[in-house]
Amino acid sequence: MCLCGVDYFSTLGYQPSIAFEGAGTLAPLATLVLVLVTLFGALPIYRHVAEETPDGVGSIGMIERMFRGWGAKLVVLVLIGFAATDFVITKTLSAADAAAHLISNPLYATHAPAWMQGQMPVTMFLLVMLGAMFLKGYSEVVGLATVLVIAFLGLSFIVVVAGLIYLVGHPTLLPHWIGEITSGSYHLAHAPLSGSGPLVAIGIALLVFPKLALGLSGFETGVLQIHLVKGTAADPGDEHARIANTKRLLVAAALIMSFFLIGSSLVTGTDTLIPAEELRLEPVKGKAIDRALAYLAHGESPHPICPLFGKAFGTAYDVSTILILWFAGASAMAGLLNMVPRYLPRYGMAPEWAGAYRPLVIAFTVINLIVTLAFRADVSAQGGAYATGVLVLMTSACIASLIHIHHKLTTTHGHVASLWLKQAGFVLITLVFVYTTIANILERPDGIIIASIFIGCVMAISFSSRFWRSDELRLKEFRFADDADRMLWTDILVEGAFRVLVPHRPGSRSLADKEAEIRRKHRIPETVPIVFLEVHYGDVSEFQNSPVISARQEGKRFVIVAKDVVSVSHTIAQVAMEMTKGGAPLDIIFGWSKGGSLKLALDYVLFGQGDIPNRVVDLLDNAIPDPDRRPTVIVG
């Protein structure tokens, strides 16, 4: 929970400022709406995702399992682009806010060298240090996350509870806030509704709560780490216990965060303990911007909230906030390290090193530094992109869960009242998240623009890698229809007497006619046995090839059938190499491939077809350097 919490709970470092910027003194009401969406929307959805993905694939994995082919791959790549937006901006935004807390601390400002007092160098230094921590090891990251979360939540609890006690103990403060929002003084530059009164205030809160969506972050990383959760003491790998423990993790995290969201919005967003001008960017940047709770902890409020607050306690709070914000990237990095190797290398859409731990850490650290430079380490500038990534992933989780429940309803017989009720609830939750996502995109279009850049980069890298890796042999395994097929296949290989392999397109003409023509044109005697190879496609969008082999004998003729293949060329080359192991190199006899060069090339990369003879030659040349041991390709 602490590893996920460094992402989820650390938003308290900047969430109160963002809440006031988006909702003004209606921040507590808008935050209450956010908490209701969290507890009765995001939490049920992600409990369902955890139940259906005990292997830790998350909502993206659920969607992948619902579709097939290139359509599924494209959807996954788009979602990976949004996930990358979420996780990368989590790291850069959190590090930037940690830098803002650090350079605002009076002790740091007094003793730090001048070159380390700018937000940009401090942010980049924190990102490099986080990458170095991951290079050291994953267990150290989890251990440090636990310490940081406990310290930060403990100090934040003191600040929030002390603020709430002061509000309750001074009965003029909350009535002042209620009077302001009742009279229509919301401290909002552009309120979506005009007028005053409780109903108008509630209406505005409902309309502006999407601006507070950063407070929803953390759920996707929670289900991505489910494979790290222990089952029981007797059996840590117990799947049902692991799912139940993950659900408890999500509930505990949501309840803890809900308390802090509501409490922090009351003590920071009511124009009472923190004056409204201290939370404004214009005309002068307020002292509480991006550090509202730290502002109270330093005793900078005009109210004597707690005798404990001051320079010493404020510095301790700054240290805990800086560390957890710096470490918020650990949860995002863990999500990236879990997600990217799971999909892109398997799709052939990333270099082989993308499946390795340390090279990925270095690559993501470099990306973070580039993003930080692009945004000038500005927290507010990154908020739209962060919220867009979070909300799109949560909306995709809603849609995946809704489709899954609907599929259950269509396949389940008997008592389904609970499923109908669950489906109705998921429809409502999905509509709320669709609205929230659209509202956020319309309000902050820069977010979808930045996410589109990430998606474009993911697409470009993926298809470039697929193109460059298309000539890899990429055999995962040979599978067999049954034991008899395995035995006949083994006999063909061991005997080593079969020196002619003829790929055959099923349904074009009879094998007898084709064999007669081949023997006549290529002057092959009747005493030389021929093996025909039929290839049937599976999901050609997959990268690794695992053909299902069956074999049969028709008189003197043998026929090998390969089904569920991803590429004809690769399957022919792989079968030929297996047959060559037991004797002299064989001959592979092809007919001509018809069609234009560009079409044949695209067919090869995308659908495993194209100019098959030439592709087989390339594959064999790469796989067998010795020409004396290489099968011969004959086209005629």
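The values are calculated or read from the model by the stated rules, or taken from the named source; none is laboratory data. Note that the structure is a prediction, hence the values are computed from the model and not measured. FYI the Cβ positions are ideal-geometry reconstructions off the backbone, even for glycines, and counts take in every protein chain you see.
For the range 335-351, the condition of being under 16 Å from the mean Cα position of the chain (by Cα), farther than 30 Å from Ile103 by Cα, at pLDDT below 80 and among the small types (Gly, Ala, Ser) holds for at least one residue.
Does Ala234 meet the test of being within 24 Å of the chain's Cα centre (by Cα) and either without any contact (Cβ under 8 Å) to a residue 40 or more places away in the chain or on the phi > 0 side of the Ramachandran plot (or both)? It is false that Ala234 is within 24 Å of the chain's Cα centre (by Cα) and either without any contact (Cβ under 8 Å) to a residue 40 or more places away in the chain or on the phi > 0 side of the Ramachandran plot (or both). From the list Pro44, Pro121, the one residue that fits, being within 16 Å of Leu391 (Cα to Cα) and either modelled with pLDDT of 85 or more or assigned to a helix (DSSP H, G or I) (or both), is Pro44. Screening Asp235 with (1) farther than 26 Å from Tyr108 by Cα; (2) buried (at least 24 other Cβ atoms within 10 Å of the Cβ) gives one miss only, at (2).
Quick check on this structure: which one of Thr92, Thr38 is in the same structural domain as Ala460 (by TED's automatic domain parsing), β-branched (Val, Ile, Thr), buried (at least 23 other Cβ atoms within 10 Å of the Cβ) and in contact (Cβ under 8 Å) with a residue 24 or more places away in the chain? Show your work before the answer.
Details: Thr38 fails: buried (at least 23 other Cβ atoms within 10 Å of the Cβ).
On inspection, the qualifying residue turns out to be Thr92.
When each of Leu261, Leu323, Leu255, Leu293 is tested for being within 30 Å of Leu43 (Cβ to Cβ) and at pLDDT below 90, the lone residue that passes is Leu323.
Could you tell me whether any residue of the range 362-369 is of a type in the set (Phe, Trp, Tyr) and over 18 Å from the mean Cα position of the chain (by Cα)?
no
Among the residues of the range 510-545, those identified as surrounded by fewer than 15 Cβ atoms within 10 Å (Cβ to Cβ) and within 30 Å of Arg342 (Cβ to Cβ) are His536, Asp539.
Among the residues making up the range 428-476, those that are under 30 Å from Asp611 (Cβ atoms), in contact with a helix residue (DSSP H, G or I) (Cβ under 7 Å, 6 or more places away or on another chain), in a helix (DSSP H, G or I) and of a type in the set (A, V, I, L, M) are Val458, Met459. Residues of the range 143-161 include at least one that is surrounded by 15 or more Cβ atoms within 10 Å (Cβ to Cβ), in contact with a Phe, Trp or Tyr (Cβ under 9 Å, 6 or more places away or on another chain) and more than 23 Å from Ser265 (Cα to Cα). Looking at Ile103, Ile89, just one residue is assigned to a helix (DSSP H, G or I) and under 21 Å from the mean Cα position of the chain (by Cα), and that residue is Ile89. Note on the range 477-511: residues that are among the aliphatic types (A, V, I, L, M), in contact (Cβ under 8 Å) with a residue 12 or more places away in the chain, over 23 Å from Ile612 (Cα atoms) and assigned to a helix (DSSP H, G or I) total 4.
Here are Phe327, Phe259: which of them is over 30 Å from Lys73 (Cβ atoms) and within 22 Å of the chain's Cα centre (by Cα)?
Within the list Phe327, Phe259, the selection yields Phe327.
If you go through the range 161-189 and pick out every residue that is among the hydroxyl-bearing types (Ser, Thr, Tyr), within 24 Å of Glu21 (Cβ to Cβ) and either assigned to a helix (DSSP H, G or I) or over 42 Å from the mean Cα position of the chain (by Cα) (or both), you end up with 3.
Of all residues in the range 492-520, those satisfying the criterion of being within 15 Å of Glu554 (Cβ to Cβ) and under 48 Å from the mean Cα position of the chain (by Cα) are Ile492, Val502, His504, Pro506. When Arg469, Arg499 are screened for being over 23 Å from Gly591 (Cβ atoms), modelled with pLDDT under 85 and surrounded by 17 or more Cβ atoms within 10 Å (Cβ to Cβ), only Arg469 passes. I'd like the full set of residues that are closer than 18 Å to Met487 by Cα and touching a residue at least 40 places away in the same chain (Cβ under 8 Å), limited to the range 512-545. Once the filter is applied, which keeps residues that are closer than 18 Å to Met487 by Cα and touching a residue at least 40 places away in the same chain (Cβ under 8 Å), the range 512-545 yields Val531, Leu533.
Counting only helices (runs of 4 or more DSSP H) that fall entirely inside the range 288-399 and contain at least 1 residues that are more than 27 Å from Met133 (Cβ to Cβ), the qualifying elements are 292-297, 311-343. When residues in the range 162-175 are screened for being surrounded by 14 or more Cβ atoms within 10 Å (Cβ to Cβ) and not aromatic (Phe, Trp, Tyr), 7 of them pass.
Checking each residue in the range 430-452 for being among the hydroxyl-bearing types (Ser, Thr, Tyr) and closer than 18 Å to Ala205 by Cα picks out Tyr435, Thr436, Thr437.
Rundown of residues vs (1) farther than 25 Å from Ser196 by Cβ; (2) aliphatic (A, V, I, L, M), yes/no style:
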site: Val6; (1), (2): yes, yes
site: Ser10; (1), (2): yes, no
site: Tyr14; (1), (2): yes, no
site: Ala19; (1), (2): no, yes
site: Leu39; (1), (2): yes, yes
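Would you confirm, using the coordinates I've provided, whether Phe607 is at pLDDT below 75, on the phi < 0 side of the Ramachandran plot and assigned by TED's automatic domain parsing to the domain that holds His522? Against the criterion (at pLDDT below 75, on the phi < 0 side of the Ramachandran plot and assigned by TED's automatic domain parsing to the domain that holds His522), Phe607 qualifies.
Kindly establish whether Ala151 is within 27 Å of Thr315 (Cβ to Cβ) and either touching a residue at least 40 places away in the same chain (Cβ under 8 Å) or aromatic (Phe, Trp, Tyr) (or both). In short, yes.
Among the residues of the range 610-622, some residue qualifies, meaning at least one is surrounded by fewer than 18 Cβ atoms within 10 Å (Cβ to Cβ), more than 13 Å from Ser567 (Cβ to Cβ) and modelled with pLDDT of 85 or more. Looking across the range 60-83, the residues that are part of a helix (DSSP H, G or I) and either in contact with a strand residue (DSSP E or B) (Cβ under 7 Å, 6 or more places away or on another chain) or over 17 Å from Val458 (Cβ atoms) (or both) come down to Met62, Arg65, Met66, Gly69.
Filtered by the rule that a residue be under 20 Å from Phe313 (Cβ atoms) and either at pLDDT 80 or above or crowded, with 17+ Cβ neighbours inside 10 Å (or both), the range 98-109 gives Ala98, Ala100, His101, Leu102, Ile103, Ser104, Asn105, Pro106, Leu107, Tyr108.
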